[in-house]
Number of protein chains: 4
Amino acid sequence: MKVLGLILAGSSKSGIEQLTMKRASAAVPVFGKYRAIDFTISNFVNSKIKKVGVLTQYYPRSLMDHLGSGKEWDLDRKTGGLFILQPFFRKKDEIPVYKGTADAIFQNMTLLRRGDEDFVLIGSGDHIYNFDFSELYRFHLSNAADISILTKEIDNEKELSQYGQVITENDGRITEFYEKPEEIKSKRISLGVYFINKALLIELLYTSIPNGGKDLVKDIIIPNLKKLRVYAYDFKGYWSNIKKSIETYYNTNMDILKKEIRQELFYQNKIYTKLKDYAPPKININASVKNSFIADGTIINGMVKNSIISRGVRIKAGAVVENSIILQDTIISEGSVIRNAIIDKDCEIREGREIIGENDIKVIEKGTII
Amino acid sequence: MKVLGLILAGSSKSGIEQLTMKRASAAVPVFGKYRAIDFTISNFVNSKIKKVGVLTQYYPRSLMDHLGSGKEWDLDRKTGGLFILQPFFRKKDEIPVYKGTADAIFQNMTLLRRGDEDFVLIGSGDHIYNFDFSELYRFHLSNAADISILTKEIDNEKELSQYGQVITENDGRITEFYEKPEEIKSKRISLGVYFINKALLIELLYTSIPNGGKDLVKDIIIPNLKKLRVYAYDFKGYWSNIKKSIETYYNTNMDILKKEIRQELFYQNKIYTKLKDYAPPKININASVKNSFIADGTIINGMVKNSIISRGVRIKAGAVVENSIILQDTIISEGSVIRNAIIDKDCEIREGREIIGENDIKVIEKGTII
Amino acid sequence: MKVLGLILAGSSKSGIEQLTMKRASAAVPVFGKYRAIDFTISNFVNSKIKKVGVLTQYYPRSLMDHLGSGKEWDLDRKTGGLFILQPFFRKKDEIPVYKGTADAIFQNMTLLRRGDEDFVLIGSGDHIYNFDFSELYRFHLSNAADISILTKEIDNEKELSQYGQVITENDGRITEFYEKPEEIKSKRISLGVYFINKALLIELLYTSIPNGGKDLVKDIIIPNLKKLRVYAYDFKGYWSNIKKSIETYYNTNMDILKKEIRQELFYQNKIYTKLKDYAPPKININASVKNSFIADGTIINGMVKNSIISRGVRIKAGAVVENSIILQDTIISEGSVIRNAIIDKDCEIREGREIIGENDIKVIEKGTII
Amino acid sequence: MKVLGLILAGSSKSGIEQLTMKRASAAVPVFGKYRAIDFTISNFVNSKIKKVGVLTQYYPRSLMDHLGSGKEWDLDRKTGGLFILQPFFRKKDEIPVYKGTADAIFQNMTLLRRGDEDFVLIGSGDHIYNFDFSELYRFHLSNAADISILTKEIDNEKELSQYGQVITENDGRITEFYEKPEEIKSKRISLGVYFINKALLIELLYTSIPNGGKDLVKDIIIPNLKKLRVYAYDFKGYWSNIKKSIETYYNTNMDILKKEIRQELFYQNKIYTKLKDYAPPKININASVKNSFIADGTIINGMVKNSIISRGVRIKAGAVVENSIILQDTIISEGSVIRNAIIDKDCEIREGREIIGENDIKVIEKGTII
């Protein structure tokens, strides 16, 4: 069974604007040395997908730099491999932009048409989870489904309203699908991962897009819910959409300090990322490090607790970093105190400064010297 | 001396529209197995350039497919390498488009800023020539030039009006520069290849673009001709801009049948292209092949004379191909006659058909079955 | 189903000594741009094998140069890929040599032990054929076989004595196996390709080698014929062992000029080789080329008939090449005549010379200037 | 200036036998994630060497696994790149073995002959230092030297006797060279790194080897000391030969905990190694880590002080690791105590065990469960 993977990574909408001012949300750093998209792309590769298209448009460079030729994911191949696809200029007076998820796929019809894949797996670049989709393939086939959607039961009412909600029959067939409804219709949300027969997808796109369709859910799945066999696969593992809010981004990072989540995310199936030639972290004689993730190239002289320290960070003597996320190559100078904060890449926190989030997590933007 | 290479390959203007309806002009096939851009990119690599940015926007996919990760040109490196750069979406209401050559470079300022190169060599993706730029580097340094431009003396009056013309002092310093003037100012034309100090280029861009500058020649070089030391390097070799007209495209292809031009273009410095796994051409017992270039994967049963036969073409028994260019995977069926024609990729010329250019070269578009 | 591929390419025995004085027989050039091993390695890759060990010892450099990192066969991977394995020095007074096929595999036990493959497919580097082994896998499983061997029925009595001969029951189970018997026992020969459960292979090796076993057929398969279920798969396609004799080597090359064999060998499943940046062949105005294979980078001015012309060969005006194989970069000067001959790489045949095989094919060794 | 790099990595002699029972000394792990050879190969690449031959014979597989296609060092190139070269079988009755350093190079004459390099830089796979050889190139040229040798002044009398000692004139020209003399002749030792004109090297080898020469120093350099201009370049940086003794190996590893040495070895010019997809180290709530190097993929629950913890190691609750080196994937179980010890790869130290070096460093061999 050959499957084409598509990763939607083009949206400029973001609940974590302070971190996505000059980068695609799929390129946001997580867990000390990863980028959000590493999870979906590794999941795809681990599920034997050999051709992956990443559909990007908003600040795509950070993604391109990170993904390169795809060799870190074994996607630099003679046939297949990795395709990073922006919307492009075809005719005068036609703005090169993806108008929605369905339109984005439609604009890359050549990728769909050319290959010999039978199925398409569509995911998002912003989701953190570890899943071997082989299970979804089996589910799809055994239900003779047209479309299978990854779904999950959640409780948080505030979050529920931000997702599509589905109601299913006993066997999992979706009978109702509400896109971000104001009042709660169901606690089962769509995780935005779709598995679909390729020929069917092409047909649906050709029917919808020329008539103004733009969005995969609103314009294609919901209107066809009766005609097509759309099934909900119940995903039971850890899952997070880091783009939802700074709080979600922060909590997801902190979750990795929990043993069970770390084991689920890293030891179940391998997660690949762009590796860099940093020396191992050096923890010096006066340092104290507790319950933390410490990436390559860091030098720790101060006190670190309940924190994620990314590659190349330096924490100088007498500095205190607690309940915080420090992104790549940032310097925390002598005697400064960082608490409940996210310090983006290439910052320098000067001697004696205090960066303390009180009610909310405090975010210091990339490149700040303070 | 470290040099950053930039290849301008984004324009949608084309004198060979029949061949560029769905491909960038830099991706137009030439000489049986090459694409136009192979020459500039190989020239760059042969001149020790290790980082190359290809600025593309109009139908970039054919270029991306061809260039891939750059490994055919040894440009898939840990640092440096190949960057294929489309304009991208930054903010709502800002259309992602390159407004001109200077603007295209300005939009990729990060590429300029990040590297440790001292110089930038700017070329075009449409030009066919073989040149080791080391000579230009030496020329530039020995003149203490600010900008050095590749120029060439040509005679053809019709062509002259299509190029920028320069007037130089004895030592090569350009004193006057006319962009495509209506009346001939000089027989020395600019070949659109610029060598410039990187810091100076950055400064010129920051001065010009925010004030509405768009074009490298009109908005940056011409206005600064007095202030800067701009020199003309006299290129004496074979040079052709295949995008100018179907006639130029045709003649350039035919030129490769001449021994001296073939030797200059292929044996001076190596020209690399994306290689494909075709078997060697098979020339059958009843075939007749004279004065022709026959690429891999072809099977010849008919008569071929003064022609360029590209990869995977089949010329069946009794077919006649004369003074023509047959592009990849096209089938010339039994008894058909092709003369003074260009048959694009994936065509099928049916049995007994005649495709004969009379006054002009006849062009059959990609995918035609006739 | 995961399969480890092993290619035996270490023997110094050769029936084509003139061509294997300084190269492994698996590295002997065939068909204008290939090496013998390309067929087995491509067959393996086309059969979804992702890890291939090439066991080499006699003049391995030509093989190493050709195979490189395996990227031409998509075998340059993060996990798995290509391993070129010579015998190596472990202890003083132990000569690093493979004592036979079984010993060669035993010495590379680490490769077997480390991977997660369930089966091992063992082939030879000298055989020319095109086969998708998926069929063999199915045959093996449906017979619940312990070992499945590729076999073929041949008629040629002279050849028969050079191969192992097998006698099978109706269902294909091998009951008798004679290794190169003096008198003909069966017309079904073993093609030296073995498919076997990995754990079983490891067990058989550990039982045999420490007790002096060396050879896979004599010391492992034949003694276990009763105990194990050994099956013969009947291969019906084109197959040739180019190392048998100069005659075989010559005839195999000439076979590619036949349409059906060319189609079977090249168009069924793709054959990959190391590609080189040569320009397409140029056939000049006075050349005559009939029924020949003409590889990249050649320039033909003379007369070529029923011949294989390899990459970079030059055939000058007035030269005649008939019923011959010309290997890479050789020059056939003006007025010389080559008939029924094999001219190895880098030779120069001077003006007016005649190289004509009378009863036998004449072979000119690599680098000869004559 | 083009330079061919050769790395001698074939000797089976070793002062650290416990660590080289099944691996080449150049493949011995250092500093948590490196192998000894990473330093010389990175130094070569950082000095613009684009073709590197690694001459290996004793247990070469660990080196081959580590170096792969050379892509981590940007040595997977179309031309040039990395060559891992064992001695090979040419004729019956000729044992494939390198008889000495000079013979090893002689047996790889093809590598020397084929390239267009002017110079050869010969180094060893066992030395830890960080040096940009450009300085040596300049020294060589400005002295119009025939051979330039990296040398260093050392004091340790015990060590002195293990190295070649040189006496120079004021300008650095070597007038006397004593190979491991019993009594001290000079405190300036040869570091076994030679820079030499390629044509001269070829000539010297052709003169010496056929007459029984084997060793570069004894048979080529010393006998020619008067005839040739041999110069000593005085290397002032950190340098260690980890193969000398377990003590040296241990001390070199511990040296990386010193700030100045770490900066010299890692921040001067980049050191590359084979990167692996481990998650960042997790230091848990009850762990205590002081003055240590902690590589990727480790999980620390116990107490670690003055130690090097390699990739994938687990140190369980209550365990104590002090003044020790723990190699890859080893498990230190609850309550065990490791002091003044080296625990090789894949060991398991069971609960409550004590491994304590008293007068000497205690070494636990690879794979031990204790």
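The values are calculated or read from the model by the stated rules, or taken from the named source; none is laboratory data. All of these numbers come straight from a predicted model, not from anything done at the bench. Positions of Cβ are backbone-derived with ideal geometry, glycine not excepted, and every protein chain shown enters the neighbour counts.
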Review point. Has the range B:298-306 got any residue that is away from chain C (no Cβ under 12 Å) and either crowded, with 24+ Cβ neighbours inside 10 Å or modelled with pLDDT under 95 (or both)?
Key: yes
Check your understanding: Applying the selection to the range B:257-268, what residues are part of a helix (DSSP H, G or I) and more than 7 Å from chain C (Cβ to nearest Cβ)?
Key -> B:K259, B:E260, B:I261, B:Q263, B:E264, B:L265, B:Y267
Exercise for review: Please work out if B:K316 is touching a helix residue (DSSP H, G or I) at 6+ places or on another chain (Cβ under 8 Å), more than 11 Å from chain C (Cβ to nearest Cβ) and farther than 20 Å from B:I189 by Cβ.
Suggested key: no
**Study point:** Pick from the range C:85-94, criterion within 18 Å of D:P60 (Cβ to Cβ) and not hydrophobic (A, V, I, L, M, F, W, C), ranking: nearest to the other protein chains (Cβ to nearest Cβ)
**Key:** C:Q86
Check your understanding: For A:G10, all conditions in the list (1) at pLDDT below 95; (2) over 30 Å from A:T207 (Cβ atoms); (3) not acidic (D, E) hold save one; what is the number of the exception?
Key -> (2)
Revision key, fill the gap. Of (1) without any contact (Cβ under 8 Å) to a residue 40 or more places away in the chain; (2) in contact with a helix residue (DSSP H, G or I) (Cβ under 6 Å, 6 or more places away or on another chain), D:A102 satisfies every one except (1)
Revision key, fill the gap. Residue count, the range A:211-220, condition surrounded by 18 or more Cβ atoms within 10 Å (Cβ to Cβ) and over 19 Å from A:L160 (Cβ atoms), comes to 4
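Does C:I202 satisfy the condition of being within 9 Å of chain B (Cβ to nearest Cβ), of a type in the set (A, V, I, L, M) and more than 28 Å from B:N291 (Cα to Cα)? Break it down into steps so the answer makes sense when it comes.
Values: within 9 Å of chain B (Cβ to nearest Cβ): no; of a type in the set (A, V, I, L, M): yes; more than 28 Å from B:N291 (Cα to Cα): yes.
Judged against the criteria, C:I202 is not a match.
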Study note, to complete from the structure: Scanning the range A:65-76 residue by residue, those surrounded by 19 or more Cβ atoms within 10 Å (Cβ to Cβ) and on the phi < 0 side of the Ramachandran plot turn out to be A:H66, A:L67, A:S69, A:K71, A:E72, A:W73, A:L75, A:D76
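Any idea how many residues of the range B:156-168 are touching a strand residue (DSSP E or B) at 6+ places or on another chain (Cβ under 6 Å) and not polar (S, T, N, Q)?
Taking the range B:156-168 first, the residues touching a strand residue (DSSP E or B) at 6+ places or on another chain (Cβ under 6 Å) are B:163-168.
Now restrict to residues that are not polar (S, T, N, Q): B:163-164, B:166-167.
Number of matching residues: 4.
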**Study point:** Tally, over the range A:8-36, of residues that are assigned to a loop (DSSP other than H, G, I, E, B), surrounded by fewer than 23 Cβ atoms within 10 Å (Cβ to Cβ) and not small (G, A, S)
**Key:** 5
Revision key, fill the gap. Given the conditions (1) modelled with pLDDT of 95 or more; (2) within 14 Å of chain A (Cβ to nearest Cβ), every one holds for B:T40 apart from (2)
Check your understanding: Among C:I309, C:I271, C:I338, which is surrounded by 18 or more Cβ atoms within 10 Å (Cβ to Cβ), more than 14 Å from every other protein chain (Cβ to nearest Cβ) and of a type in the set (V, I, T)?
Key -> C:I338
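Of these, D:K78, D:K33, D:K50, which one is away from chain C (no Cβ under 14 Å), within 23 Å of C:R77 (Cβ to Cβ), out of contact with any helix residue (DSSP H, G or I) (no Cβ under 6 Å at 6 or more places or on another chain) and of a type in the set (K, R)? Reasoning before the result, please.
Working: D:K78 fails: away from chain C (no Cβ under 14 Å); D:K50 fails: within 23 Å of C:R77 (Cβ to Cβ).
Just one listed residue meets the conditions, D:K33.
Being of a type in the set (G, A, S) and in contact with a Ser or Thr (Cβ under 7 Å, 6 or more places away or on another chain), is that true of even one residue in the range D:216-239? Break it down into steps so the answer makes sense when it comes.
Step one: list which residues in the range D:216-239 are of a type in the set (G, A, S), which gives D:232, D:237.
Within this subset, residues satisfying the condition of being in contact with a Ser or Thr (Cβ under 7 Å, 6 or more places away or on another chain) are D:232.
Scanning the range D:216-239 turns up at least one residue that is of a type in the set (G, A, S) and in contact with a Ser or Thr (Cβ under 7 Å, 6 or more places away or on another chain).
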Check your understanding: If we scan the range B:107-115, do we find a residue that is more than 10 Å from chain A (Cβ to nearest Cβ), buried (at least 20 other Cβ atoms within 10 Å of the Cβ) and assigned to a strand (DSSP E or B)?
Key -> no
**Study point:** Selection status of A:S324, farther than 25 Å from D:P29 by Cβ, more than 11 Å from every other protein chain (Cβ to nearest Cβ), in contact with a strand residue (DSSP E or B) (Cβ under 6 Å, 6 or more places away or on another chain) and not β-branched (V, I, T)
**Key:** yes
Review point. When A:K226 is evaluated against the numbered criteria (1) charged (D, E, K, R); (2) within 25 Å of the chain's Cα centre (by Cα); (3) surrounded by fewer than 19 Cβ atoms within 10 Å (Cβ to Cβ), which criterion, by number, is the only one it fails?
Key: (2)
Review point. Pick from D:D118, D:D132, D:D103, D:D93: which is at pLDDT below 95 and of a type in the set (D, E)?
Key: D:D93
Check your understanding: Can you name the condition, by its number, that D:V97 falls short on among (1) at the interface with chain C (Cβ under 8 Å from one of its Cβ atoms); (2) without any contact (Cβ under 8 Å) to a residue 40 or more places away in the chain; (3) aliphatic (A, V, I, L, M)?
Key -> (2)
Check your understanding: Among the residues of the range A:234-256, is there at least one that is surrounded by fewer than 16 Cβ atoms within 10 Å (Cβ to Cβ), over 30 Å from A:G68 (Cβ atoms), within 14 Å of chain D (Cβ to nearest Cβ) and not aromatic (F, W, Y)?
Key -> no
Check your understanding: If we only count helices (runs of 4 or more DSSP H) wholly inside the range C:116-232, which ones have 1 or more residues that are farther than 24 Å from C:S14 by Cβ and touching a residue at least 40 places away in the same chain (Cβ under 8 Å)?
Key -> C:134-142, C:198-208
Exercise for review: Could you grab me the full set of residues in the range B:173-202 that are surrounded by 19 or more Cβ atoms within 10 Å (Cβ to Cβ) and within 25 Å of B:V3 (Cα to Cα)?
Suggested key: B:I174, B:I189, B:S190, B:L191, B:G192, B:V193, B:Y194, B:F195, B:I196, B:L201
Check your understanding: Would you pick out the residues in the range B:253-282 that are out of contact with any Ser or Thr (no Cβ under 6 Å at 6 or more places or on another chain), free of Cβ contacts under 8 Å to residues at least 60 places away in the same chain and of a type outside the set (K, R)?
Key -> B:D255, B:L257, B:E260, B:I261, B:Q263, B:Y267, B:D277, B:Y278, B:A279, B:P280
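Evaluate the range D:40-61: report whether one residue or more is β-branched (V, I, T), assigned to a loop (DSSP other than H, G, I, E, B) and within 28 Å of C:K91 (Cα to Cα). Quick ask: steps written out before the conclusion?
Our first condition is that a residue be β-branched (V, I, T); within the range D:40-61, this holds for D:40-41, D:45, D:49, D:52, D:54, D:56.
Okay, now just the ones that are also assigned to a loop (DSSP other than H, G, I, E, B), so D:49.
Right, trim to within 28 Å of C:K91 (Cα to Cα) and you get none.
No: zero hits.
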